[in-house]
Amino acid sequence: MQVHYGLENISKLPHTVVTSGTFDGVHIGHQKILQRIREIVTLLREKEHKHAESVVITYHPHPRLVLFPDQANLFLLSTLDEKINLMEKYGVEHLLVIPFDKEFSQTSSKDFIQNILINKLNTKKLVIGYDHRFGKNREGSFEYLRANQHLYPFEIEEIPRQDIDNVAISSTKIRNALIQGKIEMANEYLGHLYMLSGQVVKGNQIGRTIDYPTANMAIPEKHKLIPADGIYAVKVIYNELIYKGMLYIGSRTTLGEDLQRTIEVNIFDFDKMIYGENLSVELVALLRQEMKFNSIEEMKVQLDKDKEVALYKLAQIKA
């Protein structure tokens, strides 16, 4: 997959199938759109357009952070890097990341279509999700495109609303599940494991004294949604290798009151010093809520039990 940061960094392509959106979390509703553009590209290549390629347009930062900067309750399901990794996983060939600022927010739907879809991307088919809108004041819509299709050199297709068990998929439902610690429900809606990524920083190293050393993670994106406090079974990705582990999210109530919330991962069968390095964790299951223990020894006994359950949970999923 090629990632293009800004319109000036993508050359005009000969024949493209395009979709556009924020794609926060790249959940299964989004994946339906990505699957469809892959299908269309495959069909085009089998016919007369062997150079057809898929393009996803996305925006960074999230438009709501620019348009409503005082909206402190917006939590993101994916950072830009996580979104890029997911787009590659789901077979996107070109990802165009457009810097979203106040100036770009004033782009009319007509200018968006002419300058980006036609002039820059040479779009031959535009696929959009249910109720997707674009351009200043969200004036561009499927209905607008359909009514004016005779003006544009590309076809349009709308993906209908996607459901899971008759429950509409939405980023809001996924966020609510994560906030409540319902990680398995969130993962079902996402269609992949929820990820946290960050840099390893020094902690108080108490875990080392009870054979449960942890890597403290600093999450760089302040709007990234951190799930409910508790202990989670996780897959850990470090240097492109996958390990099993347990993740702690909480305020370390056993160690004292009013401590800062931390994110710490114990990586099983791992003894490297990785301060300053980056790693990612994929959350598989919530093992338990945060507990306050009477002693460090009591906490270790519980962690032994947690590890046993974590290994069982991790054994149930595909590698």
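The values are calculated or read from the model by the stated rules, or taken from the named source; none is laboratory data. Here the structure is a predicted model, which means the values were calculated and not measured. Here Cβ is always computed from backbone atoms with ideal geometry, including for glycine, and neighbour counts include all displayed protein chains.
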Note to self: Given the condition modelled with pLDDT of 95 or more, under 26 Å from LEU44 (Cβ atoms) and among the acidic types (Asp, Glu), answer yes or no: does some residue in region 140-156 qualify?
What the structure shows: no
Scanning region 16-52 for residues that are modelled with pLDDT of 90 or more and of a type in the set (Asp, Glu), the one farthest from HIS132 (Cα to Cα) turns out to be GLU46
Inside region 11-52, the number of residues satisfying the requirement of being closer than 23 Å to ARG138 by Cα and of a type in the set (Asp, Glu) is 1
Exactly one of ILE237, ILE169 is buried (at least 17 other Cβ atoms within 10 Å of the Cβ) and modelled with pLDDT of 85 or more, and that residue is ILE237
Among strands (runs of 3 or more DSSP E) entirely inside region 86-160, those with 1 or more residues being acidic (Asp, Glu) are 155-159
For region 280-319, the count of residues that are among the polar types (S, T, N, Q) and part of a loop (DSSP other than H, G, I, E, B) equals 4
Of the listed residues (ASP101, ASP24), the one being in the same structural domain as PRO153 (by TED's automatic domain parsing) and under 15 Å from the mean Cα position of the chain (by Cα) is ASP24
Taking region 110-146 and the residues there that are over 23 Å from ASN9 (Cβ atoms) and polar (S, T, N, Q), the one that is surrounded by the most Cβ atoms within 10 Å (Cβ to Cβ) would be SER141
